[in-house]
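J.: After the structure tokens below, expect a handful of questions from me.
The values are calculated or read from the model by the stated rules, or taken from the named source; none is laboratory data. This structure is a prediction, so every number in the text was calculated from the model and none was measured. When we count neighbours, we look across all protein chains shown, and the Cβ atoms used for this are built from the backbone with ideal geometry, even at glycine. Side chains are part of the model used for accessible areas, which takes the heavy atoms of the whole protein and leaves out ligands, DNA and RNA. Shrake-Rupley method; radii C 1.70, N 1.55, O 1.52, S 1.80 Å.
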Amino acid sequence: MLSLTGIFVNYGHVAAVRGVSLEVNEGEVVGLIGPNGAGKTTLLSAIAGVIRPERGDIQLLGETLLGKAPEKIVPMGISLVPEGREIFGTLTVEENLRLGATIRRRDPEVAGDIESMMERFPILGKYRGTHAGALSGGEQQQLAIARALLANPKLLLLDEPSLGLAPKLVDQVFDIVGQLKEDGVTVLLVEQNARRTLEFADRTYVLRSGEIRLSGTKKELSSMDNADFEHAFLGFHRGERQGESR
């Protein structure tokens, strides 16, 4: 469904992403993990059209996304749930959901889909007329996901959905992503919780310093020695300083 080939993204003279290639197949949950500053959010921003790569290609179902603005990419089938959720706190829950369906403004099924989303996420139905800024972090995350789903995406990009949430709410977020997969939604998941992602995703890529350092299936990565995984993730073994040999 999604294919990235040799993607480079620069911020001025700094290379944030260097030659990244990855793929996401239909129906998969694919994890993208790595330390802070690895380039994960930058990569999602490039896919969503927020940032334009210097080199490489990004294709959705064989059609390039390069040069297309975000408002052109969303109708093609990609929705991004950004880090920090970015809900509109002064608008009600229902108004936030209606914004998610903006590209479907002439679709007579929008109203019914919004009601269905409130049934799927009961807390949103309970607080439909409440300003979204009054919701808890976990409730706002449900709203952000529901808003993105109302664009009827083929591919959902989730950027750090568990960031800042209590452990119980982290479980809830992963349950939601599991339900999405059962419903046939394809997901590219950027997560701070590396081990949880490895256990959950069908396949996972490890990104460090803007490059893919490791990738594999759930089975392949879960069977790795912890020290080897940490070396790929961190660039050095725990107890060593970066750049020193073991």
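J.: Can you name the residue in the range 122-149 that is open to solvent by less than 50 Å² (accessible area, probe 1.4 Å) and farther than 20 Å from GLU83 by Cβ and, of all such residues, is farthest from the chain's Cα centre (by Cα)?
T.: Among residues in the range 122-149 that are open to solvent by less than 50 Å² (accessible area, probe 1.4 Å) and farther than 20 Å from GLU83 by Cβ, the one farthest from the chain's Cα centre (by Cα) is THR130.
J.: While we're here: Under 8 Å by Cβ, and 6 or more places apart or on different chains, what pairs join a residue from the range 55-67 that is closer than 12 Å to LEU155 by Cβ with one that is surrounded by 14 or more Cβ atoms within 10 Å (Cβ to Cβ) and among the charged types (D, E, K, R)?
T.: Sorted first by the residue in the range 55-67, then by its partner, the pairs are LEU60/LYS154; LEU61/LYS154.
J.: Also: Of ALA111, ALA101, which residue is loosely packed, with under 12 Cβ neighbours inside 10 Å, of a type in the set (Gly, Ala, Ser) and more than 25 Å from LEU169 (Cβ to Cβ)?
T.: ALA111
J.: When residues of the range 166-209 are filtered for being of a type in the set (Lys, Arg) and within 16 Å of the chain's Cα centre (by Cα), how many remain?
T.: Within the range 166-209, residues that are of a type in the set (Lys, Arg) and within 16 Å of the chain's Cα centre (by Cα) number 3.
J.: Could you run through the range 180-221 and say how many residues are among the aromatic types (Phe, Trp, Tyr) and open to solvent by less than 40 Å² (accessible area, probe 1.4 Å)?
T.: Count: 1.
J.: Considering (1) in contact (Cβ under 8 Å) with a residue 12 or more places away in the chain; (2) open to solvent by 10 Å² or more (accessible area, probe 1.4 Å); (3) out of contact with any Gly (no Cβ under 7 Å at 6 or more places or on another chain); (4) over 19 Å from PRO70 (Cα atoms), say which one VAL177 fails and leave the rest.
T.: (2)
J.: Where residues in the range 49-77 are within 28 Å of ARG128 (Cα to Cα) and in contact with a helix residue (DSSP H, G or I) (Cβ under 7 Å, 6 or more places away or on another chain), which of them is surrounded by the most Cβ atoms within 10 Å (Cβ to Cβ)?
T.: If we take residues in the range 49-77 being within 28 Å of ARG128 (Cα to Cα) and in contact with a helix residue (DSSP H, G or I) (Cβ under 7 Å, 6 or more places away or on another chain), then VAL74 is surrounded by the most Cβ atoms within 10 Å (Cβ to Cβ).
J.: Separate question: Select, from ARG52, ARG128, ARG85, ARG106, the only residue that is in contact (Cβ under 8 Å) with a residue 12 or more places away in the chain, assigned to a loop (DSSP other than H, G, I, E, B) and either touching a Gly at 6+ places or on another chain (Cβ under 6 Å) or more than 30 Å from ASN10 (Cα to Cα) (or both).
T.: ARG128
J.: Looking at the structure I just gave you, is ALA194 under 23 Å from THR92 (Cα atoms), in contact (Cβ under 8 Å) with a residue 24 or more places away in the chain and touching a helix residue (DSSP H, G or I) at 6+ places or on another chain (Cβ under 9 Å)?
T.: So ALA194 does not fit the description; no.
J.: Looking at the range 159-191, which of its residues are touching a helix residue (DSSP H, G or I) at 6+ places or on another chain (Cβ under 7 Å) and either at pLDDT 90 or above or among the β-branched types (Val, Ile, Thr) (or both)?
T.: ASP159, PRO161, VAL173, PHE174, ILE176, VAL187, LEU189, VAL190, GLU191
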